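Just so you know, all these numbers are worked out from the coordinates, no wet-lab data involved. Since the model is a prediction, treat every value here as computed from it, not as a measurement. Methodologically, a virtual Cβ is constructed for each residue, glycine included, from the backbone with ideal geometry; neighbour enumeration extends over all protein chains shown.
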């Protein structure tokens, strides 16, 4: 039995869109065999129709995306435009008109995913978005389906290639942040305006998407505590290195014990060098998922780039196409657990605190007393230098952010503490 | 709307089966919310009914698995009995009677998967088997679904925990194989009869399953070239170490260029220490998947154990349950590509060859000529010792196994070559 072709429209034909179009053409035979019907590209909406787009039939090109999604004969709309509007309106229209959607739009999903999920539910269509987090790495489907019989307790990952490239170069070459950023911009690893990457906003959007799926709870970008890497210095990295640690920008989503709530945060953190995430170099991404029965599972691969992202999109297209042929939808988005989303004050981690202190007898005892009074247990203390430059590096056991803030407040009132030079969170220590 | 409960029967209640039963009970609320209907455990078939099984309602226990699968009211049969018969007959009966099957039985799938797949197709039920390869690691679903829009070229992995435990200990402690095996047996990491693990049969079954999925081609256990680790010596590991390599038992499934065919093999191989698989220690598993658009993607986690394997099984149970509620099946098994499955002679890799040679002028030239005549390009030559104990370590560029066999045959005819002491394949070198 020959099945009718499934009609695919593409919104956006930049780097990723062109790769999607290329794969649809070059792998047509494989895709047809895997789906059970051919895919037919019927429209490609672009901003600038004059740009040459080798491999795309020019008669499919249009600058009117609204006209594309107004069609009622589309099976699948692939969206790689990015941005919030007009993209949201386009996708809502596409779904209302019966098309399933495959999107890579992390910003829109993290900011207003629920509007999209509800629209998909209402229209009885699929909404898939594997490419929105960690590019080519199969991650959302494993969390949503493979681990659906388990209880995920934590997701910990490197999900932004630009910042990981910068931190890797700072670690390996001892260079300063500003110099490496300039180099990354010259090489195309960082944008001319790098804010979204280096301030952690991109990673925070991905953390919100991961947390929503992992904990069956609605988590939006606004719920994510976010700190970028622009204040990480070569000195921070050297100090971490001396203690056997590396600094990475981590996205962390945790379920607190007894379902008290979830905390989602993005910030630079020290990781032990032997931790598997510590060896994730340059623009690669990797994500650890911890579940009660499965233990720790890690996913690693290319987090960005035209072809890797297109691979991920095409995987979703195949699933959505199979679903349409069978006349059903994949599992919908659930938020049944509806756990409280708490601020970073509830997060529980270890800290490395760099203090400039007076070099006089009794200082360590006074400082240790402050930590004890605030209920923060000290793991290691290291003293560097002497005289006016005496530094104490204090690494704590796990404590809440609230207890840490309390400790820092008390330390600042001590005459012997000249300055709290820096505080860095520590993640991934064994048995801590 | 309240959905009717889905009836689950469990065949086997060993380590994994008990964990499956425990999760079905303890996570009942979560599972119900994720599926949209409750799961009800209705029968547990065991060998010995007298054994205490805490947490399982004794009235569900039976020693008659045939009576369980004869029921026509089952939704899902979970099989953790293992073995070929009577398990195959039980599963065929279960499917014919309308139940979907979730199994961890790698031996049965690798030996006679097609019989099971055809039965599932005929009965219109699902057959899921994520737990059969790499325990808790989501791997089969990502290959089958996430990468369904891409072309997988290679799967390279550590898929047997026992052998990886032994090789890790040999590498880190410098110990001999027999001593580490005894220790592994005492600790429960190796069976009393370790043959299936140490001779590579377990890994070969998993390689056959991975290759079938990755290449949409029927690959059975008999198609897999298999060599275990029982002949790896402390000296081999030391020599590899000195050159910056580590020895791992790898399962490798490759698609040859131009779709000439696929080659599937399991054997010890040298990996560069900086390769991500080199740092996979003890009983952990990890699998690299290389695809044309996605590039390299790695999956890492616990490859065995009751709870991790049960997590994987429950993930499949949730999918199968959702499918039944929606009245459809997941994507079936396809072998549409039907590529020729070639012997190891067609494999293409690098080699490290250890030769004991006469210590006289012209020997290296004579040996280099032999390699050149056989069309095998030399990458590095290292000479150790002198006099009667002169050794040459030759590392080649990539060549076919056939060309290597030809080279070794010619080398054995050279008077200057006293002995071909050993040959080890080399995988994972950059740009090779």
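Roughly what percent of Cα-Cα pairs across the range B:1-41 reach past 17 Å? The proportion of pairs with Cα distances above 17 Å equals 30 percent. Let me test this: with uniform point scatterers at the alpha carbons of the protein assembly as shown, what is the Debye-based log₁₀ I(q)/I(0) at q = 0.06, 0.08 1/Å? The Cα Debye sum returns log10 ratios of -0.44, -0.78.
Between residue A:193 and residue B:389, the distance separating the two model label sites (each 7 Å from Cα on the Cα→Cβ line) works out to 7.0 nm.
In this assembly of identical copies, the label point of residue A:153 (Cα plus 7 Å along Cα-to-Cβ) is separated from its counterparts by 4.0 nm, sorted shortest first.
Take each peptide in A:356-366, B:295-305, count the other Cβ atoms within 10 Å of every residue, and average; sorted highest first, the result is B:295-305, A:356-366. Centre-to-centre separation between the Cα atoms of the range B:260-325 and those of the range A:31-73: 36 Å. Across the range B:148-214, the volume of the C-alpha convex hull divided among the residues equals 101 Å³ per residue.
Expressed per residue, the C-alpha convex hull volume of the range B:63-185 stands at 152 Å³.
Going 7 Å from the Cα of residue B:238 along its beta-carbon direction, which residues of the range B:339-359 have the amide nitrogen within less than 17 Å of the resulting point? Residues B:354-356 qualify, since their backbone N sits under 17 Å from the label point. Its Cα gyration tensor gives the range B:232-280 an equivalent ellipsoid, and the semi-axes of that ellipsoid, as √(5λ) in whole Å with the largest first, are 26, 12, 9. Each Cα pair under 8 Å and six or more residues apart adds its sequence gap; the mean of these over the residue count of the range B:275-432 is a relative contact order of 23 percent. Between rounded, prolate and oblate, where does the range A:1-146 land on the alpha carbon gyration tensor, with a ≥ b ≥ c its root eigenvalues, rounded for a/c under 1.5, else prolate if a/b exceeds b/c? Rounded, since a/c falls under 1.5. Working from label points 7 Å from Cα in the Cα-to-Cβ sense, the residue B:279 to residue B:382 distance is 2.2 nm. Compute the helix-to-body angle for B:363-373: its Cα long axis versus the longest principal axis of chain B, expressed 0 to 90° and rounded to tens. Roughly 50 degrees, rounded to the nearest 10. Highest mean packing first, where packing is the average number of other Cβ atoms within 10 Å per residue, the peptides A:368-381, B:400-413, B:268-281 line up as B:268-281, B:400-413, A:368-381. Take residue B:328, push a point 7 Å out from Cα through the beta-carbon direction, and compare it with the same point in every other copy: 0.7 nm, smallest first. For the pair residue B:348 and residue A:412, a Förster radius of 60 Å applied to the C-beta separation gives a FRET efficiency near 0.40, rounded to the nearest 0.05. Taking the inverse of the mean reciprocal distance over all distinct Cα pairs, the Kirkwood hydrodynamic radius of the range B:347-426 comes to 12.3 Å. The spread of Cα positions in the range B:3-74, taken along each principal axis and listed from longest to shortest, comes to 34, 27, 18 Å.
When you restrict to C-alpha pairs under 8 Å that are six or more residues apart and normalise by the size of the range B:347-426, the relative contact order lands at 48 percent. As a rough guide to protection, the peptides A:210-218, B:328-336, B:14-22 ranked by mean Cβ packing within 10 Å, highest first, stand as A:210-218, B:14-22, B:328-336. Helix B:401-413 and the longest principal axis of the Cα set of chain B meet at an angle near 40°.
Here the Debye sum runs over all C-alpha atoms of chain A as equal scatterers in vacuum, and log10 of I(q)/I(0) at q = 0.06, 0.10, 0.13 Å⁻¹ comes out as -0.29, -0.73, -1.11. Across every pair of non-identical alpha carbons in the range B:284-377, the mean reciprocal distance, once inverted, gives a Kirkwood radius of 19.8 Å.
The range A:207-361 has equivalent-ellipsoid semi-axes of 35, 21, 13 Å, by the square roots of 5 times the alpha carbon gyration tensor eigenvalues, sorted largest first. In the assembly of identical copies, residue A:47 has its label point, taken 7 Å from Cα in the direction of the beta carbon, separated from the corresponding points by 6.7 nm (ascending, one decimal).
Counting Cβ atoms of other protein chains within 10 Å of each residue's Cβ and taking the mean over peptide B:305-314 gives 5. With kT/(6 pi eta Rh) evaluated at 20 °C and eta = 1.002 mPa s, and Rh the Kirkwood radius from Cα pairs, the range B:171-253 diffuses with a coefficient of 150 µm²/s according to Stokes-Einstein.
Counted over the range A:66-119 with a bin width of 5 Å, the fraction of Cα pairs per bin, in whole percents, is 4, 22, 35, 26, 11, 2. Normalised by 2.2 N^0.38 Å, where N is the number of residues, the alpha-carbon radius of gyration of the range B:140-302 equals 1.04. For chain A, the longest principal axis of the alpha carbon atoms and the long axis of helix A:161-173 meet at an angle near 40°. Averaging the sequence gap over all C-alpha pairs within less than 8 Å and six or more residues apart, then dividing by the number of residues, gives the range A:140-302 a relative contact order of 33 percent.
Averaged over the residues of A:132-145, the number of partner chain Cβ atoms lying within 10 Å of the residue Cβ comes to 5. Only DSSP H runs of four or more residues enter the estimate; each adds -39500 (n - 2.57), and after division by the residues of chain B the mean residue ellipticity at 222 nm equals -10500 deg cm²/dmol.
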